[in-house]
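These notes concern the structure reproduced below.
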Amino acid sequence: MKLSYQIATRFLKSALTQTLIIILGIGIGVSVQIFIGSLIQGLQKSLVNTTIGNAAHVSVTDDDDGFIEDYEAVIRSAVDADDRIVAASPVLNASVLIEKDGESQSLLIRGFDLQKAEGIYEFSEYLDEGAMPKADGEVLLGVIARDNFELSVGDTISLITPDKRTVECTVSGFFDYKVAAPNESWCITTLPTVQAIFELDDVASAIEFQVDQDLVFEADAVAKNVSAAIASGSDTLVVGEWKEANEQLLSGLQGQSISSIMIQVFVMISVVLGIASVLAITVMQKSRQIGILKAMGIRNGSSSLIFLFQGLILGIFGAIAGVLLGLGLSFAFTTFALNPDGTPVVPLYIDPAFIALSAAIAVVACVVASLIPARKSSVLNPIDIIRNQ
Amino acid sequence: MSNILELKNINKIYGTTVKTQVLYDINLGFKEGSFNSIIGQSGSGKSTLMNIMGTLDTPTSGDVVVDGVITSGMRASQLASYRNRSIGFVFQFHYLLPEFTALENVLMPYRIGHKTVPKETTDRAKELMKLVGLEKVMNNNATQMSGGQQQRTAIARALLNQPKMILADEPTGNLDSLSTGTIYDLLRDINERFGTTFIIITHDRKIAEKADRIIEITDGRINMDLMKNN
Ligand SMILES: Nc1ncnc2c1ncn2[C@@H]1O[C@H](COP(=O)(O)OP(=O)(O)OP(=O)(O)O)[C@@H](O)[C@H]1O
Ligand SMILES: [Mg+2]
């Protein structure tokens with residue numbers, strides 16, 4: 001073992017340039033793998049984020065009259081049923097018109113349990129100006145609505161209900177979700193405010209749930225659990241989730257993932273083939289030494305171990321070089337490929353587990369690649385070397 | 001004394017389509033502790049015979065018997081460890097490992113058979129380097145030595161494991177006659193002190209005559225087998 005390892009390192013050192021070129025080759029392969037993987041993952045994360053960043057992952061609505069009376073009970077049984085749910089809030093949605101100086105526009109007024117809904121919409125994160133509504137009658141508007149109606153914090157606005165009543169509200173602040181639709185037409189307030197405007201009892205029009213960040217793709221399973229849990233309470237409640245509403249996006253993402261994996265697999269295959277052929281040449285270069293060692297009595301197993309060690313060493317250094325190169329490439333990409341506003345064109349997703357996996361695959365691949373030269377070394381007959389001086 | 005090595009009806013034919021017979025019906029026995037020389041013209045089959053005696057090559061027919069065991073029945077790993085323990089080789093074309101220093105080359109046969117190298121072994125390797133007159137260059141890489149120095153290193157390497165038998169093919173081919181004489185005196189001394197069996201191929205008749213026995217090979221046959229009685 002130790003001797004095989006030492007011979008392996010001496011062989012690698014004796015042809016240092018060749019060794020460094022192989023390591024560079026493996027490193028470039030691994031770095032491409034890491035870069036492409038991080039790019040695709042980042043792309044997908046940001047796509048998914050724009051899609052569901054300001055929407056609930058799972059929601060419960062009423063099929064009958066559109067109102068859920070005992071929403072607290074529904075929330076409780078749903079949260080009990082699935083621990084992947086991290087936030088839940090009742091919401092009462094309705095349409096109103098905002099009118100100012102003869103101009104008007106329709107708004108979607110959304111009454112939440114603001115504290116609970118923070119876990120879904122992260123209002124305070126996206127608050128551009130002002131403060132969260134503290135009392136009933138206070139609302140948040142989007143930055144586009146603010147600009148359209150030249151509003152500022154503390155202004156009073158007139159909202160007109162579909163049955164032509166006018167209600168006054170105070171603007172406590174403005175949010176910016178970086179997406180046009182909510183910025184233009186959402187009006188966020190407390191649940192009691194909307195109930196009061198529409199003269200309703202303590203009801204909600206929907207219950208919205210947020211699933212753990214890393215498990216958003218399990219929303220369908222969560223929805224199924226929620227559905228089962230609340231079935232006993234009422235048979236008019238229906239459960240929806242983001243995936244069924246975004247099937248096209250999902251199949252797009254899946255296609256992207258598959259092509260990303262294909263690229264990575266082919267990069268790895270070419271790396272393995274490269275190493276295998278280089279190591280096979282090394283056996284030829286070192287056949288004299290192997291022959292002498294065998295004449296002196298080294299076992300066939302130990303003589304093949306030399307080349308497995310070479311593969312392992314090259315793999316480890318190649319993987320390290322690859323991780324460094326890959327991270328460097330990613331860093332350069334996120335630093336230099338920027339949008340006009342300074343954010344990266346594509347936010348890379350650096351996943352340590354993915355990087356570790358790529359590195360591990362590279363090391364294993366290199367050892368596998370060295371099986372062929374190891375075999376060659378094992379079957380080499382010393383007499384062929386001794387005889388042909 | 002018993003025979004440490006026996007060759008029985010050895011024939012060697014090279015090639016499958018064009019067949020060249022190199023050795024014809026060789027029968028030889030070597031006594032433990034004897035000092036033997038093999039002479040013969042270039043191409044007569046000396047190296048071929050030595051490779052067969054060292055279990056590196058296999059005869060086309062006939063048996064090689066070591067310690068009473070026929071080698072053709074032994075597994076590759078058994079042969080490898082037999083070679084490692086019992087034979088010291090000095091090849092005609094010296095064959096050091098260029099990636100290692102002279103001293104590391106000398107230690108190599110020991111390292112092949114053992115996991116760790118105790119200090120006594122390293123000391124013995126250094127002592128052997130001194131005996132062959134190389135204590136000054138023992139940390140040189142094998143490639144940074146002259147042909148004669150490499151040859152002397154190979155001799156030290158063959159002696160390291162204190163094998164029962166040393167097979168040497170022109171071990172002093174690159175040396176001047178003074179060094180050749182010193183080396184042979186050294187080998188003779190080891191032969192007498194440790195009872196190591198020596199089988200040495202040489203061109204040099206003067207050297208051959210110092211051996212207890214001279215075997216002459218002519219065209220693959222034993223032409224003369226002269227035993228000195230002392
Ligand atoms: N692989 C081979 N195939 C065919 N013939 C071979 C092969 N190896 C050696 N021979 C032949 O066998 C004969 C004996 O070769 P060998 O190397 O044993 O000679 P030698 O006595 O050691 O000569 P030298 O003194 O020059 O070293 C030679 O005629 C050589 O041409
Ligand atoms: Mg020869």
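Taking every lysine pair in chain B that is 8 or more places apart or spans two chains, those with Cα atoms closer than 14 Å amount to 5.
The label point for A:ARG375 and the one for A:GLU199, both projected 7 Å from the Cα toward the Cβ, are 8.7 nm apart. Helix content alone sets the calculated 222 nm mean residue ellipticity of the protein assembly as shown: runs of n ≥ 4 DSSP H residues at -39500 (n - 2.57) each, divided across all residues, give -16000 deg cm²/dmol. Please identify which residues in region B:54-70 have an amide N closer than 16 Å to a label point set 7 Å out from the Cα of B:SER2, following the Cα→Cβ vector. In region B:54-70, the label zone of B:SER2 (backbone N under 16 Å from the point 7 Å along Cα→Cβ) covers B:65-70. The alpha carbon convex hull volume per residue for the protein assembly as shown rounds to 233 Å³. The label point for A:PHE266 and the one for B:GLN78, both projected 7 Å from the Cα toward the Cβ, are 5.4 nm apart. In region A:64-235, the DSSP beta bridges split such that about 75 percent are antiparallel, to the nearest 5.
Label zone (A:ASP220, point 7 Å along Cα-to-C-beta; backbone nitrogen cut-off 15 Å) within region A:228-257: A:240-255.
Contour minus end-to-end for A:THR9 and A:ALA55, with contour as 0.36 nm per residue of separation and end-to-end as the Cα-Cα distance?
On the way: separation 46, 0.36 × 46 = 16.56 nm, distance 5.71 nm.
Result for the pair: 10.9 nm of gain on full extension.
For chain B, the longest principal axis of the alpha carbon atoms and the long axis of helix B:177-194 meet at an angle near 80°. Name the shape class, rounded, prolate or oblate, that the alpha-carbon gyration tensor gives for region A:172-256, where a ≥ b ≥ c are the square roots of its eigenvalues, rounded holds for a/c under 1.5, and otherwise prolate holds if a/b is larger than b/c and oblate otherwise. Because a/c hits 1.5 or more and a/b fails to exceed b/c, region A:172-256 counts as oblate.
Computed about its Cα centre, the charge dipole of chain A is approximately 5340 debye, with only Lys, Arg, Asp and Glu carrying charge at their Cβ.
Can you give the angle from 0 to 90° between the axis of helix A:219-230 and the longest principal axis of chain A, with both taken from C-alpha atoms, to the nearest 10? Compared with the principal axis, the helix lies near 50 degrees.
Once the C-beta distance of B:ASP225 and B:LYS19 is scaled by a Förster radius of 30 Å, the resulting FRET efficiency is 0.65 to the nearest 0.05.
May I ask you to derive the FRET efficiency for B:ASP123 and B:ARG193 from their Cβ-Cβ distance with R0 = 25 Å, giving the value to the nearest 0.05? Efficiency, rounded to the nearest 0.05: 0.90.
Close Lys pairs in chain A, defined as Cα atoms under 19 Å apart and 8 or more places apart or on different chains, number 12. The modelled label-to-label distance between B:SER42 and A:ALA245, using points 7 Å beyond Cα along the C-beta direction, is 9.3 nm. Between the beta carbons of A:LEU47 and A:SER287, assuming R0 = 51 Å, the FRET efficiency works out to 0.40 to the nearest 0.05. For the residues of B:50-61, the average number of beta carbons from a partner chain within 10 Å of their own beta carbon is 3. Each DSSP beta bridge with both residues in the protein assembly as shown is either parallel or antiparallel, and the antiparallel ones are about 70%.
Report, in debye and to the nearest 20, how large the dipole of region A:116-208 comes out about its Cα centre when Lys and Arg carry +1 and Asp and Glu carry -1 on their Cβ.
Working: 6 positive and 18 negative charges, 24 e Å.
Computed about the Cα centre, the dipole is about 120 debye.
Restricting the trypsin sites (Lys or Arg not before Pro) of region B:40-149 to loop positions (DSSP other than H, G, I, E, B) with no more than 14 neighbouring Cβ atoms within 10 Å leaves B:ARG75, B:LYS115, B:LYS136.
Angle of helix B:119-131 to the longest C-alpha principal axis of chain B, folded into 0 to 90 degrees and rounded to 10: 80°. Each peptide in B:166-177, A:296-307 receives the mean, over its residues, of other Cβ atoms within 10 Å, and ordering these scores from highest gives A:296-307, B:166-177. Seen through its C-alpha gyration tensor, with square-root eigenvalues sorted a ≥ b ≥ c, region B:3-227 comes out prolate because a/c lies at 1.5 or above while a/b is bigger than b/c.
Residue by residue through B:73-80, how many Cβ atoms from other chains fall within 10 Å of the Cβ on average?
Working: counts 0, 0, 0, 5, 4, 0, 2, 12.
Partner Cβ neighbours, averaged per residue: 3.
What share of Cα pairs, in percent, lie more than 15 angstrom apart in region B:113-201? Kindly include the intermediate steps, with their values, before the conclusion.
Values: 2355 of 3916 pairs.
For region B:113-201, the share of Cα pairs beyond 15 Å comes to 60 percent.
In region A:64-235, a dipole from Cβ-located charges (positive for Lys and Arg, negative for Asp and Glu) runs towards its positive end, and of A:PHE217, A:ALA131, A:PHE112 it is A:ALA131 whose Cα lies farthest in that direction. Positive-end ranking of A:GLY315, B:GLN151, B:ALA208 along the dipole of the protein assembly as shown, with charges on Cβ about the Cα centre, is headed by B:ALA208.
Bear in mind these aren't lab numbers, they're just calculated from the coordinates by the rules spelled out. Nothing here was measured: the structure is a model prediction, and the numbers come from that model. Glycine gets a Cβ as well: all are built from the backbone with ideal geometry, and neighbour counts include every protein chain shown.
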